[in-house]
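Enquirer: Pasting in a structure now, in C-alpha cells, and then I'll have a few things to ask.
The values are calculated or read from the model by the stated rules, or taken from the named source; none is laboratory data. As the structure is a prediction and not an experimental result, all values here were calculated from the model. As a convention, Cβ positions derive from the backbone with ideal geometry for all residues, glycine included, and neighbour counts pool all protein chains shown. Note: accessible area is taken over every heavy atom of the protein model, side chains too, but ligands, DNA and RNA are not part of it. Shrake-Rupley method; radii C 1.70, N 1.55, O 1.52, S 1.80 Å.
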Amino acid sequence: GAVVSQHPSWVICKSGTSVKIECRSLDFQATTMFWYRQFPKQSLMLMATSNEGSKATYEQGVEKDKFLINHASLTLSTLTVTSAHPEDSSFYICSAPGTSGYNEQFFGPGTRLTVL
Amino acid sequence: LAKTTQPISMDSYEGQEVNITCSHNNIATNDYITWYQQFPSQGPRFIIQGYKTKVTNEVASLFIPADRKSSTLSLPRVSLSDTAVYYCLVGDPGFQKLVFGTGTRLLVSP
C-alpha cells in the first residue's frame, strides 16, 4: 500500500528558532497533501492543504506566516514552523490522498515537536 | 462537511465484539462514511468506508441503516492491540479534505 514518511520523527528546539518537517509520499505521487496538528488527548486539527506548484491553503485561524508550507515536488511537502514558541509544541501529521477512488488518506507517522 | 458524534470512550475485553456507533444526521447524498484508527503517537490508519447497507473487510464491518443518519463500526473479537482511538468521518469521496471529530477511545483489557 501507499506509504507516507515524515522526517524527523521528533525534534526539540529552543524558543525563537525555526523547524522544518518533511512529508514524503514514497511510492506514489501526491499533488495535494494535508498538514494536521494534534495536541495530547485531542483530535487532529487540519492546518492547511499543500498544493504542488502553488500556494498552500490555510484553515481559518492558522497563521500562514508562522507555518510555512512548500510543496516543491509531487512527492515532498515541507512544513516550517517559524519562530517557534512553547505553545507550538505538538504532534504534526501529514497525509496524502490515495488514488483508489475511496476517500482514503495515507498518513505519515507524525513528528513530535517540543519547543523549550 | 457533515458533523459527526461518537461516544468519547468505550471499554471492552479481549475476544468480545465491539460496536462503535457514529451519528451524522446531516449527511449529504454524496457523502461516504469512513473510519480511521489511530494508535498513540502515530498517524491515523484507514479502516473501512461505506455508503449504505453493510461493508466488510478483513479488519471490520460497517453497518449503515437506510436513512444513513448513523453508522456502526463493528470490530469482531477484539484484542489488546485494538486499543486505539477510532474516528468516524463523512464526506464526498472527491473532497479530500478531512475534518476529524472527537473520536472514540477504545480500551481493550485482558
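Enquirer: I need the shape label for segment A:40-83. Rule: rounded when a/c is under 1.5, else prolate if a/b > b/c, else oblate, with a, b, c from the alpha carbon gyration tensor.
Expert: Prolate, since a/c reaches 1.5 and a/b exceeds b/c.
Enquirer: Still on this structure, I have one more. Can you give the relative contact order of chain A as a percent, counting alpha carbon pairs under 8 Å and 6+ residues apart?
Expert: Averaging sequence separation for qualifying contacts and normalising by length gives 36 percent for chain A.
Enquirer: Putting +1 on Lys and Arg Cβ atoms and -1 on Asp and Glu Cβ atoms, find which of A:56, B:61, B:44 reaches farthest to the positive end of the dipole of the protein assembly as shown.
Expert: Checked the options; the winner is A:56.
Enquirer: Here's something else I'd like to know. List the residues whose amide H sits under 5 Å from the amide H of residue B:101, counting only those 5 or more places along or on another chain, with H placed 1.01 Å from N in the peptide plane.
Expert: Residues meeting the criterion, in which the H sits 1.01 Å from N, are B:88.
Enquirer: At what distance in nm do the modelled label points of residue A:5 and residue B:74 sit from each other, each positioned 7 Å from its Cα along Cα→Cβ?
Expert: In this crude label model, residue A:5 to residue B:74 measures out at 4.0 nm.
Enquirer: Translational diffusion coefficient of chain A at 25 °C, 0.890 mPa s, Stokes-Einstein with Kirkwood Rh over Cα pairs, in µm²/s as a whole number.
Expert: Estimated diffusion coefficient is 174 µm²/s.
Enquirer: Using DSSP to call loops (not H, G, I, E or B), can you name the GluC sites (Glu not before Pro) in segment B:1-95 whose Cβ has at most 12 other Cβ atoms within 10 angstrom?
Expert: For GluC sites (Glu not before Pro) across segment B:1-95 that sit outside H, G, I, E and B with at most 12 neighbouring Cβ atoms in 10 Å, the list reads B:17, B:58.
Enquirer: Running a GNM on chain A with Cα contacts under 10 Å, which residue among A:60, A:42, A:105 ends up with the highest mean-square fluctuation?
Expert: Highest fluctuation among the options: A:42.
Enquirer: Still on this structure, please answer the following. Report Rg/Rh for the protein assembly as shown, rounded to two decimals, where Rg is the Cα radius of gyration and Rh the Kirkwood radius.
Expert: 0.98
Enquirer: Nothing charged except the Cβ atoms of Lys and Arg (+1) and of Asp and Glu (-1): what's the magnitude of the dipole of the protein assembly as shown about its Cα centre? Round to the nearest 20 debye.
Expert: Charge dipole of the protein assembly as shown: 220 debye, to the nearest 20.
Enquirer: Determine the order of B:75, A:76 by accessible area, beginning with the largest, at a probe radius of 1.4 Å.
Expert: Result, largest first: A:76, B:75.
Enquirer: While we're here: For chain B, set up a Gaussian network in which alpha carbons nearer than 10 Å are linked by springs, and say which option among B:15, B:50, B:94 fluctuates the most.
Expert: The residue that fluctuates most here is B:94.
Enquirer: Charges only on Cβ, +1 for Lys and Arg, -1 for Asp and Glu: so what's the dipole of chain A about the Cα centre, in debye to the nearest 20?
Expert: The calculation lands at about 240 debye.
Enquirer: Treat segment B:30-108 as a sphere of radius equal to its Kirkwood radius over Cα pairs and apply Stokes-Einstein at 20 °C in a medium of 1.002 mPa s; give the translational diffusion coefficient in µm²/s, rounded to a whole number.
Expert: Value of D from the Cα-based Kirkwood radius: 164 µm²/s.
Enquirer: Given the pairs A:20/A:55; A:55/B:69; B:3/B:52, which span a C-alpha to C-alpha distance of over 29 angstrom in this model?
Expert: Over 29 Å Cα-Cα: A:55/B:69.
Enquirer: Modelled label-to-label distance, residue A:68 and residue A:80, 7 Å Cα→beta-carbon offset: nm?
Expert: Between residue A:68 and residue A:80, the simple spin-label model gives 0.2 nm.
Enquirer: So which chymotrypsin sites (Phe, Trp or Tyr not before Pro) in segment B:1-61 end up in coil per DSSP with only 12 or fewer other C-beta atoms within 10 Å?
Expert: Qualifying residues, ordered by number: none.
Enquirer: Give the list, by residue number, of cysteines in the protein assembly as shown with no other Cys Cβ closer than 4.7 Å, or say none.
Expert: Here A:13 come out as lacking a disulfide-compatible partner, given the Cβ-Cβ threshold of under 4.7 Å.
Enquirer: Which residue fluctuates the most in chain A, going by a Gaussian network model with Cα springs under 10 Å, if the choices are A:93, A:21, A:12?
Expert: Looking only at A:93, A:21, A:12, the biggest GNM fluctuation is shown by A:12.
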